[in-house]
Structures are given as structure tokens and as C-alpha cells.
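Here's the structure we're looking at; comments come further down.
The values are calculated or read from the model by the stated rules, or taken from the named source; none is laboratory data. Since the structure is predicted, the reported quantities are computational estimates derived from the model, not experimental observations. Neighbour counts run over all protein chains shown; Cβ positions are idealised from the backbone, glycine included.
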Amino acid sequence: MAEEKGLVNENLEAVLEIRLANGSAIKCVIDTGFNGSLLLPRNFVETNSMLFVGSEEAELVEGITAEIETALADIKWLDEEFSARIFVSEADDALIGTEMLANSLLEIDYKNNTVKITK
């Protein structure tokens, strides 16, 4: 069974590490209100030479819409390697959206501060 493990941090956020095919990794907060795949900081995207592919209109908090740049990332996730279209953040935000959770089971254990995704 394929699985990814993480933790619940001091801010009670579920955090998992996303690994790129090139070996780089970044810790991301799971955001079930975000239906995309990933939101990654611009400096991480540029450092890893991800291909910018355009922009997309996205609905943010409180119904605000904005054009956000998109790029392609080669991801290793749940024992698979694939290309994902990601949103590029101008801040240091790194988020995992529900598109990455599709067809899997998300378990957040606040008692033991653990996070597990299985497929």
C-alpha cells in the first residue's frame, strides 16, 4: 500500500513533505479548501527550474479572484511519479490541495500529531 506520512505542527496544521523527481523536497500544509494540486513558493519553483506554462484565474479567500502563474512540477507521490500543474505563490506558502488527495485516504490524528495518506 502506498503511503505518505507527515505531522501536525504547533499551529495544528497537517504537514507533509512533497518530493520532486529531482530529489528536492518542501514541506506543505494540507489545505482541503484548495481544490488544486499544489501551491509552491516562487523561489522554490525557480530554484528547481520548473517550466512556467501560463496563468489561471483562481478564487481565493472570501471570493476574491486573481490571476496566478502556473508551472509544471515532476512529483513523486504515493509511489508514483507524474507531472502536476501547480500554482506559483508570491509568498512562502506551500499547500497541498484536494487534487493530490483524490482516490486516497487522509488520516489526521491530533492526539498523536500524525498525518497519513494511503492509496
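Here are some notes:
- In the range 24-79, the residue that is surrounded by the most Cβ atoms within 10 Å (Cβ to Cβ) out of those that are in contact (Cβ under 8 Å) with a residue 60 or more places away in the chain and in a loop (DSSP other than H, G, I, E, B) is S37.
- Condition check for I96: in contact with a Cys (Cβ under 8 Å, 6 or more places away or on another chain), β-branched (V, I, T) and at pLDDT 95 or above: yes
- A single member of E69, E90 is farther than 19 Å from V29 by Cα, at pLDDT 90 or above and touching a helix residue (DSSP H, G or I) at 6+ places or on another chain (Cβ under 9 Å), and it is E69.
Residue-wise test of (1) aliphatic (A, V, I, L, M); (2) closer than 19 Å to K119 by Cα.
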position: V15; (1), (2): yes, yes
position: N22; (1), (2): no, no
position: S37; (1), (2): no, yes
position: V53; (1), (2): yes, no
position: I64; (1), (2): yes, no
position: I68; (1), (2): yes, no
position: L78; (1), (2): yes, yes
position: I86; (1), (2): yes, no
position: L105; (1), (2): yes, yes
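- Single residue of the range 80-106 satisfying the filter (among the polar types (S, T, N, Q) and not in a strand (DSSP E or B)) that is surrounded by the fewest Cβ atoms within 10 Å (Cβ to Cβ): N103
- Number of residues in the range 10-23 that are of a type outside the set (A, V, I, L, M) and in contact (Cβ under 8 Å) with a residue 60 or more places away in the chain: the value is 0.
- Once the range 1-20 is narrowed to residues that are modelled with pLDDT of 95 or more and assigned to a loop (DSSP other than H, G, I, E, B), the residue that is nearest to D79 (Cα to Cα) is A2.
- Residue match in the range 97-105 (condition: touching a strand residue (DSSP E or B) at 6+ places or on another chain (Cβ under 9 Å), free of Cβ contacts under 8 Å to residues at least 12 places away in the same chain and aliphatic (A, V, I, L, M)): no
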